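For reference, the structure is listed below as structure tokens.
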Amino acid sequence: MKVFSNWQWFHRLGSPRWFYQTTGRWLPWLSVATLLVLIIGLVWGLAYAPADAKQGNSFRIIYIHVPASFLALAGYYIMAIAGAVGLIWRMKLSFMVMKAAAPIGAVLTFIALFTGAVWGKPTWGTYWVWDARITSMLILLFLYAGVMSLQYAYHSVDAASKAGAILALVGTVNIPIIYKSVDWWYTLHQPATIKLTSAPSMHPDMFQPLLVMILGFYLFYALVLILNTRSEILRRERKTGWVRELAQSKSGFDARAGD
Amino acid sequence: MYFNNLEQLMLMGGHGPYVWSAFAVTIAALVWLVLAPIINHRALLKDVARDLQREQARQASTRSQPDISEESI
């Protein structure tokens, strides 16, 4: 009996319905917080931070480039861990989170690559080079795309989830390569500006808005991951009683009136 | 503000096109990321409600079918 009650939280955590209802209460607060932090960070970074002595104003692109890259990598961990939890404990909700994380990671990786290319033109004189960091980020984009396409490659949802999780786990090999690429192959991309082990090599006036943008992107990631997961829950549980009740209460008016 | 006026903010010392295009594409991508699941969520709920309505209509019609056939005879 005791063992059962100890594991109850775990079962509840794995319940899509519980996740849907709990996150529904967080969404208003999370949306407002995300919007506020991102707007503050954008205005601060674009209009108030001083220009870089060497790069001029093009450096402002880091206010989206760095946070997007951070989340593209962190999001990969989230996707791979969700896939592993799904494989090990056969938790369906975990697979839904994995599926929800893939397109967000892909878009963030695209943003990192695109903003990097646009920044590279005035700074390096070229949009693209086959530098180690850039190439490994492109591989990350393909990994995300691979997990996404596997979700639609199978008739069985279960088989699709398992295949996606295995690809996500195998792909984690790429993550340390991305982190270390700037140190192992010192080509064109500069080494990390922000390190946990030392002070940032950046003036506080430039660094503070970057921190705000990173926080904003984390909030944004959480918001979109929740939104995507909720959609996925509805899609997979559409035949269940609680989703039917929800649909009727939300659009009861429309249903009665007819189309 | 770091810039003297709005025009300088737009020009960004010649880097304006790079900076603004990078930010515009990013914001468009982020907006799409938020809107896609919201639109999807709404469509799914509507879809489930329509299915329910159709089911109810079918049940109602099967219940009233004997009456219709009797009348037609």
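The values are calculated or read from the model by the stated rules, or taken from the named source; none is laboratory data. Note that the structure is predicted; figures quoted are calculated from it, not measured. FYI the Cβ positions are ideal-geometry reconstructions off the backbone, even for glycines, and counts take in every protein chain you see.
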* When B:M1 is evaluated against the numbered criteria (1) facing chain A (nearest Cβ under 7 Å); (2) closer than 17 Å to A:I39 by Cα; (3) more than 15 Å from the chain's Cα centre (by Cα); (4) surrounded by 12 or more Cβ atoms within 10 Å (Cβ to Cβ), which criterion, by number, is the only one it fails? -> (4)
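Please work out which residue is surrounded by the fewest Cβ atoms within 10 Å (Cβ to Cβ), limiting yourself to region A:53-65 and to residues that are more than 7 Å from every other protein chain (Cβ to nearest Cβ) and within 16 Å of A:K121 (Cα to Cα).
Going through region A:53-65, the residues more than 7 Å from every other protein chain (Cβ to nearest Cβ) turn out to be A:53-55, A:59, A:62-63, A:65.
Retained after the next criterion (residues that are within 16 Å of A:K121 (Cα to Cα)): A:54-55, A:59, A:62, A:65.
Numbers: A:K54: 7, A:Q55: 15, A:F59: 23, A:I62: 24, A:H65: 23.
Here the residue is A:K54.
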* Considering residues of region B:4-45 that are assigned to a helix (DSSP H, G or I) and in contact with a Gly (Cβ under 6 Å, 6 or more places away or on another chain) only, the residue farthest from the other protein chains (Cβ to nearest Cβ) -> B:M10
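Within region A:205-228, does at least one residue satisfy the condition of being under 14 Å from A:W18 (Cα atoms) and surrounded by 17 or more Cβ atoms within 10 Å (Cβ to Cβ)? Before you say what the answer is, go through the steps one by one.
The initial filter retains those residues of region A:205-228 that are under 14 Å from A:W18 (Cα atoms), namely A:226.
Now narrow it down to the ones that are surrounded by 17 or more Cβ atoms within 10 Å (Cβ to Cβ): A:226.
Yes, some residue in region A:205-228 is under 14 Å from A:W18 (Cα atoms) and surrounded by 17 or more Cβ atoms within 10 Å (Cβ to Cβ).
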* Asked: Which condition number does A:A165 fail, the rest of (1) under 24 Å from A:R235 (Cβ atoms); (2) away from chain B (no Cβ under 14 Å); (3) free of Cβ contacts under 8 Å to residues at least 40 places away in the same chain being met?
  -> (3)
* Can you tell me which residues in region B:53-62 are surrounded by fewer than 17 Cβ atoms within 10 Å (Cβ to Cβ) and touching a helix residue (DSSP H, G or I) at 6+ places or on another chain (Cβ under 8 Å)? -> none
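Is it the case that A:F10 is in a helix (DSSP H, G or I), out of contact with any strand residue (DSSP E or B) (no Cβ under 9 Å at 6 or more places or on another chain), within 21 Å of A:R230 (Cβ to Cβ) and modelled with pLDDT of 90 or more?
Details: in a helix (DSSP H, G or I): yes; out of contact with any strand residue (DSSP E or B) (no Cβ under 9 Å at 6 or more places or on another chain): yes; within 21 Å of A:R230 (Cβ to Cβ): yes; modelled with pLDDT of 90 or more: no.
No: the conditions fail for A:F10.
Among the residues in region A:120-135, are any within 14 Å of chain B (Cβ to nearest Cβ), touching a Pro at 6+ places or on another chain (Cβ under 8 Å) and crowded, with 18+ Cβ neighbours inside 10 Å?
Restricting attention to region A:120-135, the residues satisfying the condition of being within 14 Å of chain B (Cβ to nearest Cβ) are A:120-127.
Retained after the next criterion (residues that are touching a Pro at 6+ places or on another chain (Cβ under 8 Å)): none.
The answer is no, given that none of the residues of region A:120-135 is within 14 Å of chain B (Cβ to nearest Cβ), touching a Pro at 6+ places or on another chain (Cβ under 8 Å) and crowded, with 18+ Cβ neighbours inside 10 Å.
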* Structure fact -> Within region A:57-93, residues touching a residue at least 60 places away in the same chain (Cβ under 8 Å) and not in a helix (DSSP H, G or I) come out as A:M91
* Asked: Does any residue of region A:66-86 turn out to be in contact with a Phe, Trp or Tyr (Cβ under 6 Å, 6 or more places away or on another chain) and away from every other protein chain (no Cβ under 14 Å)?
  -> yes
